[in-house]
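What follows is a single structure, written as C-alpha cells, with notes after it.
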Amino acid sequence: MIQFYNSLTNKKEPFVPIVPGKVSMYVCGPTVYNYIHVGNARPAIAFDTVRRYLTYRGYDVKYVLNFTDVDDKIIRAANELGEDVTTLTNRYIEAYLADTGALNVQPADVHPRVTDTMEDIIDFIQNLETEGYAYASEGDVYFRTRKFEEYGKLSQQSIEDLRAGSRVDVGEKKEEPLDFVLWKAAKPGEPAWESPWGQGRPGWHIECSAMAKKHLGKTIDIHAGGHDLKFPHHENEIAQSEACNHTKFANYWLHNGFINIENEKMSKSLGNFLLVHEALKEVDAMVLRFFMLSVHYRHPINYSRELISQAANGWDRIKEAYHNVEYRLSVTVGLEEPSEAMERKLTGIKSAFIEAMDDDINTANAVTVLFDLAKEANIYAKADHVSKTTLQHVIALFDELTGVLGLTLSEEKGLLDAEIDQLIQERNTARAERNFARADEIRDMLKQQNIQLEDTAQGVRWKRV
C-alpha cells in the first residue's frame, strides 16, 4: 500500500482516498510575474511524479494546479514594464508551461486562474462573513483567526505563540494582529472587481481555498506545495476552508524541501537566482529532472555544478545500458526461450521499484533500483547467448520505470536511422576491401557529427558523445 508522510500529522500514513480508485490532488502553483527558477521546478517535478505514480498504481487522478494572476508583485512588474496585467501574466503562464513541459511535467487537468474564479472567491468570503469568521473593515475583509480554534495545527504552533510574533502593517485595519486579509480594497490604478464590500481584489490565501473547492470539492485527498507555503499560506487555507465548509479540507498534506545553490540560499541579492530556462541552456532537461529525483522530495537539495555533473554521469549510465540492450536486440536473431534467471531478476527489480515508490514516493531509492537494472542489463547484453524475448522485456521495464519517473529514454531511439546505418555499412565494406582510407574518412565524418563507433563481438555499434 502507498504511504505518504502527512505534514498534518507528521507521520507516514497509508493512503486511503475518499472515493476508492479516485484521487483529488491540488498543488499550489506560481504567481506569474517572472520566469520560474529551479526552486519552482522542484515542486513541479516532485508532484508530477506523485501524480504519475498514483496513475501507474491504477488511480484516476484529477490534478489541479493554479496560477495566481493578480497580486502586488504582478501589478508592480506590469507597471515597471508599462504593460497591462493580463499581457504580463499570459506571457509568464506560457513560459511556465514551456519550462515545465521541457522537464516533462504533464499539464494539470485544470489550471485555474484567480481572475477566472472571482465569483467563487466572493461567495466563499460571504459565507465566512455569515458564519462570523470574516469581518469587513473600511473596504477590506479579514479572517477572525482566533475564532478558528484549531488554527496552527498544520505548523504545530499555538495561536498564542503565533499571535506574539504577529504584527499589524501600515494601512491594515484588523481586530487582531494574527487576522489575515481575505479581500483588499482597491487602490488607484490597480485591477479591481465589484464586490459587496466595494471594488477590490482577493487576498492570496483565499484563492486556493476557492479554487480547490470549485474544482475538487469541499474535502480533497492531497494538497501539496513547497515547504515555505506551510505557514502561513496552507495554515490559512485550512482555517478558512474548514470554517466555511464545516469539514476537513485535505486528508494528506505533502511538502517538498528547499533548494540551495552551491550551498547558499537562492536569492537575487546573492546573484545565484537561477531561472529554469537559463539552466536548460547548459543542462539537459532529463538530467535536471533526474537530479531532482535523486533526492527524496521532502529533503533539502543542493544545486551545484559538481552534483549536476554527477547526475549527468548517472543518467548516462542508465541510457548507455538501455542502448546496449537495444543494440544487442537489433543484432539478435535467435529464438531462444526467455531466460528464467534474468526474468526473475526483472521481476525483483520491478518489485523493489514499487516498494521504494510506495514508501512516500522515495525516488532516491527508485533511482538506485534503476542503476541495478542498468547493471543487470549490461551483464545480460554481453552474454554469449541471449533471448530476444528477454531483451524485449528488459527494454520494456526500462521504459516502464523511467516513464513513472517522467524520464525519457526514447528521445535517442531515432539515432539509428538509415543514413547512419548506411555509412556504417559502407565503412564495413571499405574495410573488407582493405580500403582503409575510405573507412577512416567515414569514421572521421561520423566523429564530426558526435557519433562514436565501437567494434564489438556482435558488430559495429555507435552512440552520441
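The values are calculated or read from the model by the stated rules, or taken from the named source; none is laboratory data. Quick caveat, the model's predicted, so the values are computed rather than measured. Please note: Cβ atoms are built from the backbone with ideal geometry, for glycine as well, and neighbour counts cover all protein chains shown. Just so you know, the surface numbers come from the protein's heavy atoms only, side chains and all, with ligands and any DNA or RNA stripped out. Shrake-Rupley method; radii C 1.70, N 1.55, O 1.52, S 1.80 Å.
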Notebook entry, point to check: Taking Cα atoms, how many degrees apart are the long axis of helix 72-81 and the longest axis of the chain, rounded to 10 and kept between 0 and 90?
Noted result: 70
Notebook entry, point to check: Normalized C-alpha radius of gyration of segment 1-91, against 2.2 N^0.38 Å?
Noted result: 1.42
Notebook entry, point to check: Dipole of the chain, Cα-centred, from +1 at each Lys and Arg C-beta and -1 at each Asp and Glu C-beta, to the nearest 20 debye?
Noted result: 720
Note to self: How large are Rg and Dmax for segment 54-102 when calculated on the C-alpha trace, in angstrom?
What the structure shows: 15.5, 49
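Computed FRET efficiency, Cβ-Cβ of Asp72 and Ala364, R0 41 Å: what is it to the nearest 0.05? Could you put the intermediate results ahead of the total?
On the way: r = 37 Å, r/R0 = 0.91.
So the FRET efficiency works out to roughly 0.65.
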Margin query: Can you return the lysines within cross-link range of Lys319? Criterion is Cα-Cα under 23 Å, with same-chain partners fewer than 8 residues away left out.
Written below: Lys281, Lys345, Lys350, Lys375, Lys382, Lys388, Lys413, Lys447, Lys463
Check: Where the centroid of each part is defined by its Cα atoms, how far is segment 1-62 from segment 248-280 in Å?
Finding: 17
Check: In nm, to one decimal, how far is the Asn263 label point from the Glu441 one, both placed 7 Å along Cα→Cβ?
Finding: 5.5
Checklist line | trypsin sites (Lys or Arg not before Pro) within segment 231-310, DSSP loop, no more than 15 other Cβ atoms inside 10 Å | finding: Lys248, Lys268, Lys281
Checklist line | Theoretical gain in end-to-end length, Ser410 to Leu453 [0.36 nm per residue, Cα-Cα removed] | finding: 13.5 nm
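Wrap a convex hull around the Cα atoms of segment 191-230, take a quarter of its surface area, and give that in square nanometres. If you can, show how the numbers build up before the last one.
Numbers: hull surface 16.6 nm².
Here the figure is 4.2 nm², rounded to one decimal.
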Next item on the list: Choose one of Ile238, Tyr56, Leu280: the residue whose Cα lies farthest towards the positive end of the charge dipole of the chain (beta-carbon charges +1 Lys, Arg; -1 Asp, Glu; about the Cα centre).
Entry: Tyr56
Checklist line | Extension gain, Val333 back to Ile420 (0.36 nm per residue minus Cα-Cα distance, nm) | finding: 29.2 nm
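When the helix-only estimate is applied to the chain (DSSP H runs of n ≥ 4, each -39,500 (n - 2.57), divided by the residue count), what is the mean residue ellipticity at 222 nm, nearest 500 deg cm²/dmol?
Numbers: 15 runs with 213 residues, N = 465.
Calculated from helices alone, the mean residue ellipticity at 222 nm is -15000 deg cm²/dmol.
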Note to self: Given contacts defined as C-alpha pairs under 8 Å and at least six residues apart, what's the relative contact order of segment 1-50, whole-number percent?
What the structure shows: 20
Check: When only Cα pairs under 8 Å and 6 or more residues apart are kept, what is the percent relative contact order across the chain?
Finding: 16
Next item on the list: State, to one decimal in nm, how far the label point of Leu81 lies from the label point of Ala192, with both points 7 Å from Cα in the Cβ direction.
Entry: 2.5
Check: Which label marks the calculated value of Cα extents along the principal axes in Å, given the options (i) 72, 67, 45; (ii) 93, 50, 36; (iii) 90, 52, 46?
Finding: (ii)
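Ignoring ligands, DNA and RNA, what accessible area per residue does the chain give at 1.4 Å, in Å²? Please report the intermediate quantities before stating the final value.
Values: 21570 Å² over 465 residues.
Heavy-atom accessible area per residue stands at 46 Å².
Given a 1.4 angstrom probe, I'd like the percentage of the accessible area of the chain that is carbon and sulfur, rounded to a whole number. Don't jump to the answer; show the numbers that get you there.
On the way: 10290 of 21570 Å².
In the chain, the share of accessible area belonging to carbon and sulfur is 48 percent.
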Checklist line | Of every Cα-Cα pair in segment 269-377, the percent that sits beyond 18 Å | finding: 61
Next item on the list: Filter the trypsin sites (Lys or Arg not before Pro) in segment 165-247 down to the DSSP loop ones having no more than 15 other Cβ atoms within 10 Å, then list what survives.
Entry: Arg167, Lys173, Lys218
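Give me the percent relative contact order of segment 43-177, please, defined on Cα pairs under 8 angstrom at least 6 residues apart.
Details: 93 pairs, mean separation 26.5, N = 135.
Answer for segment 43-177 is 20 percent.
Work out the length of the dipole vector of segment 289-437 about its Cα centre, built from +1 on the beta-carbon of each Lys and Arg and -1 on the beta-carbon of each Asp and Glu, and round it to the nearest 20 debye.
Working: 16 positive and 24 negative charges, 80 e Å.
That gives segment 289-437 a dipole magnitude of about 380 debye.
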Next item on the list: Lys and Arg at +1, Asp and Glu at -1: add these up for the other residues within a Cβ distance under 10 Å of Gln3 and post the number.
Entry: -2
Item checked: Projected label distance in nm at Asp399 and Arg146, using a 7 Å step from Cα toward the beta-carbon -> 6.4
Notebook entry, point to check: Lys/Arg Cβ at +1, Asp/Glu Cβ at -1, dipole of the chain taken about the Cα centre: which of Leu229, Val110, Ile424 is farthest positive-ward?
Noted result: Ile424
